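Structure, as structure tokens:
The values are calculated or read from the model by the stated rules, or taken from the named source; none is laboratory data. Keep in mind that what you see is a predicted model, and the values were worked out from it rather than measured. Glycine gets a Cβ as well: all are built from the backbone with ideal geometry, and neighbour counts include every protein chain shown.
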């Protein structure tokens, strides 16, 4: 059988060899890339998987990497691709070390669970029918992601009746900076200042021109410092409860935590959800159920971790009260 490989005795030292897919179609949230690799040289270099942005070919981000000797066997890797619009590409990059004993081989590349939802005969009461015939849950409607694949779930007529949506393009909407915390969330487009943490584009537009908000972990911030966003007073939810959804980026060795708190009238603030530590070098979505029989306020808190490589970012926040 055949495979692809990087010859450790050829090319310049610390020089990459790349292999890129053609432009790929739109993918669903569960999309993964599976492949097998072999790195048994005493001085093996690095094998990396990068994603090339559909909107900007110069915007490339690393999804996965491994370096050094991995043993005299084929190893399997599964890399999360997630949801992307059509046009993105996958780039394999193998970089040789300073030695000739560093061949890197690659075989059996395939994509798993990347298809969009298939057409259905009918949708349930808690689903929206897409123009293409598929069904998506109502909790995914107007969440700044084209889950249908044809734009039905993000159409303006669908989203006009949801006032509590914020993509941070023109400010922080109905959220406010809490006055009693250590510092504030910052609104930004492009990469955060510190390398190897934070996104380089927003979630909404998937470009470096789009805005998001983030917690900057660099000095003078200290471990445990908190930045809070809060709502004003909100009315009681329906008996079915409400839902807060948002997209977050938490990548880096010093990531602290991102938490959601609720304070009902006459009560102390209580945590309802928390994410801790590094998650992935990509935007991921969270859904938080909110149940409040009386008026209340919501808080989103970013807590700094033990070092400066720990920026926490937030985008596309949506709240529905029923």
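Worth a mention:
- The number of residues in region 226-261 that are closer than 30 Å to residue 206 by Cα and assigned to a strand (DSSP E or B) comes to 19.
- Criterion (surrounded by fewer than 17 Cβ atoms within 10 Å (Cβ to Cβ) and in contact with a strand residue (DSSP E or B) (Cβ under 8 Å, 6 or more places away or on another chain)) met by exactly one of 127, 169: 169
- Qualifying residue in region 136-148 (condition: part of a loop (DSSP other than H, G, I, E, B) and loosely packed, with under 15 Cβ neighbours inside 10 Å): no
- Close pairs from region 218-233: first over 21 Å from residue 269 (Cβ atoms), partner at pLDDT 95 or above and surrounded by 11 or more Cβ atoms within 10 Å (Cβ to Cβ), Cβ under 6 Å, at least 6 apart: 218/308; 221/304; 223/306
- Of all residues in region 258-284 being within 15 Å of the chain's Cα centre (by Cα) and under 22 Å from residue 177 (Cα atoms), the one that is surrounded by the fewest Cβ atoms within 10 Å (Cβ to Cβ): 276
- Within region 12-24, the set of residues being outside any strand (DSSP E or B) and surrounded by 14 or more Cβ atoms within 10 Å (Cβ to Cβ) comprises 21, 24.
- A single member of 178, 183, 168 is more than 23 Å from the chain's Cα centre (by Cα), under 25 Å from residue 298 (Cα atoms) and touching a residue at least 60 places away in the same chain (Cβ under 8 Å), and it is 178.
- Test set (1) in contact with a helix residue (DSSP H, G or I) (Cβ under 9 Å, 6 or more places away or on another chain); (2) more than 30 Å from residue 56 (Cα to Cα) - residue 245 fails condition number: (2)
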